[in-house]
1. Among residues belonging to the stretch 233-286 that are without any contact (Cβ under 8 Å) to a residue 24 or more places away in the chain and outside any helix (DSSP H, G or I), point out the one that is farthest from Val308 (Cα to Cα).
2. Do the conditions hold for Gln111, that is, is it under 38 Å from the mean Cα position of the chain (by Cα) and either modelled with pLDDT of 85 or more or assigned to a helix (DSSP H, G or I) (or both)?
3. Given (1) out of contact with any Cys (no Cβ under 7 Å at 6 or more places or on another chain); (2) crowded, with 21+ Cβ neighbours inside 10 Å, where does Thr230 come up short, assuming only one miss?
4. Select from the stretch 351-372 the residues that are assigned to a loop (DSSP other than H, G, I, E, B) and surrounded by fewer than 24 Cβ atoms within 10 Å (Cβ to Cβ) and write down the one among them that is modelled with the lowest pLDDT.
5. Restricting attention to the stretch 287-314, which residues are assigned to a helix (DSSP H, G or I) and among the β-branched types (Val, Ile, Thr)?
6. Hey, can you tell me all the residues within the stretch 375-396 that are of a type in the set (Gly, Ala, Ser) and either surrounded by fewer than 19 Cβ atoms within 10 Å (Cβ to Cβ) or more than 18 Å from Cys335 (Cα to Cα) (or both)?
7. Report every pair of residues separated by at least 6 positions or lying on different chains whose Cβ atoms are under 7 Å apart, first residue within the stretch 351-362 and on the phi > 0 side of the Ramachandran plot, second not in a helix (DSSP H, G or I).
8. So which residues in the stretch 304-326 are under 14 Å from Gly293 (Cα atoms) and either of a type outside the set (Lys, Arg) or surrounded by fewer than 21 Cβ atoms within 10 Å (Cβ to Cβ) (or both)?
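The values are calculated or read from the model by the stated rules, or taken from the named source; none is laboratory data. If you're wondering where the values come from, they're calculated on a predicted model, not measured in any experiment. With ideal geometry, Cβ positions are generated from the backbone for all residues, glycine too; neighbour counts draw on all protein chains shown.
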Amino acid sequence: MNFDHILGAILGALFSAFIVVLLCKRRLVRAEEALRDQFDVEEREAKLALKEAQSDMLLKFKNKEIDLNRELAAREDEIKLRSRELERENERLAEQQVQLNSAQKELVRDQRLLSDAEHEAEKVRRLYRLKLHQISQMDEAEARDFLIRTAEKECEQEIRELRRSKLGRAESEVADEAKRILLAAMQRITSQPMNDATATVVSLPSEEMKGRIIGREGRNIRTFEHATGTTLMIDETPDSVLISCFDPVRREIARIALEALLRDGRIHPSSIEDEAVKAEEEMHANVIELGEGALRKLRLHNVHPEVVALLGKLHYRLSNNQNTLAHSVEVANLCGLIASEIGLDPEIAKRAGLFHDIGKAVDEDYQGSHAAVGADVIKQHGEDARVVNAAAAHHQEVPAESVYAGLVMVADALSAVRPGARTSSIDGFIQRVRSIEEIAAAEHGVREAYAVQAGREVRVIVAPDLIDDEGARKLARKIRVRIEEQLNYPGTVEITVIREQRFSETAV
């Protein structure tokens with residue numbers, strides 16, 4: 001009985017131990033499965049984190065590659081631009097060398113002609129000396145003195161008349177000739193630094209915008225200058241930058257693009273290029289509208305679109321602060337009115353007056369004066385031959401073939417010289433007046449010098465005991481030459497030299 005009881009207890013204990021072992025195994029298996037699941041989750045999270053890190057690195061690499069490609073493209077464009085500028089400079093140097101060679105050839109020819117003339121003069125002098133010696137049996141010294149006195153008497157009157165005719169030439173003719181020569185040389189570079197504005201000021205909302213405009217390592221400002229063809233000047237002037245360019249159309253495009261960038265606030269190379277393109281499109285539409293507006297005012301039709309665009313560009317060009325498009329419209333109206341009065345075709349006259357300065361809107365790639373270039377442009381687009389000749393001849397560079405050319409000359413002069421049409425700044429006016437007075441006062445024998453009539457006349461008072469009548473005449477000519485050489489001024493300057501002696505007594 002006790003044995004069965006003990007055996008049952010042992011079996012029960014064994015069964016219990018078996019159950020415990022079985023339970024432990026199950027728990028162990030579950031723990032292993034839980035560890036395995038946790039390991040799988042951590043492994044998946046690690047792989048996901050790795051993929052995200054790889055994606056971030058790839059994105060950064062692509063962005064860096066894009067930035068480097070843009071910078072490389074910008075540098076390549078800059079190199080190409082500099083290369084073109086260098087080629088143009090070489091071409092200019094070559095042209096100057098050709099001109100220099102031509103001038104040297106002309107100098108050699110003139111020297112040869114001078115040598116021949118001197119040789120002929122020496123032969124004539126020897127012949128005269130021989131004849132005088134044969135006729136009067138004079139010695140060499142007496143014959144030379146006699147010949148000199150005879151030549152002086154024969155040529156004295158002729159020299160006086162020649163001097164009087166040269167000095168009596170109208171100052172207006174001299175000024176007109178000088179203007180024609182200067183215009184032929186200078187009008188092809190679109191703007192004149194003395195008379196026309198070459199810079200535009202753009203206001204900034206804050207001083208920090210200067211740094212954003214410059215960009216990292218100057219990338220933004222280089223892109224802007226390359227895209228617009230202008231120079232952006234950033235100095236210590238508060239809340240403003242300066243856009244500088246001789247071409248006023250490019251300068252206006254740059255102003256529109258920069259103001260759009262400032263309004264948007266995002267300034268980087270791609271946005272700069274986009275805004276420059278938009279500004280060019282806006283500018284093109286604007287010049288078309290301005291050209292069509294001028295045609296509507298004059299009631300003219302059948303004008304080629306390219307000529308209309310050139311007319312619009314004239315709005316942004318000035319001549320002595322006179323708007324060139326307004327000047328052209330004014331000349332066209334004057335031509336039409338005068339043509340109606342004298343029985344000519346008013347439409348032909350208007351077209352000739354309107355297109356006479358259109359060559360000023362053509363860029364400097366075209367060679368020749370603005371009159372010749374403008375005539376070629378309108379001729380290519382089917383304008384009447386009388387209009388073409390009037391445009392080409394309005395500065396007397398080619399012969400006038402019709403009365404319309406003379407009509408344009410008259411109307412052009414009327415529009416330019418009417419009061420208020422062309423003005424200068426007060427600083428430039430004061431400086432010109434002072435310079436005229438200083439030039440006159442610097443001469444020997446001058447007591448006082450006054451510039452009157454807004455600088456169009458200078459009156460010089462000389463000491464009568466130091467300067468005689470002939471000396472006063474020479475002094476006036478000398479002052480005129482110095483003013484012409486040293487000053488730039490519109491119109492003419494009259495020089496009046498006053499030499500006066502007064503004697504007074506008082507009777508008591």
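1. Ranking the candidates gives Glu236 first.
2. No.
3. Status for Thr230: all satisfied but (1).
4. Here the answer is Asp365.
5. Val287, Ile288, Val307, Val308
6. The answer is Gly382, Ala385.
7. none
8. Within the stretch 304-326, Pro305, Val307, Val308, Ala309, Leu310, Leu311, Gly312, Leu314, His315, Leu325, Ala326 meet the criteria.
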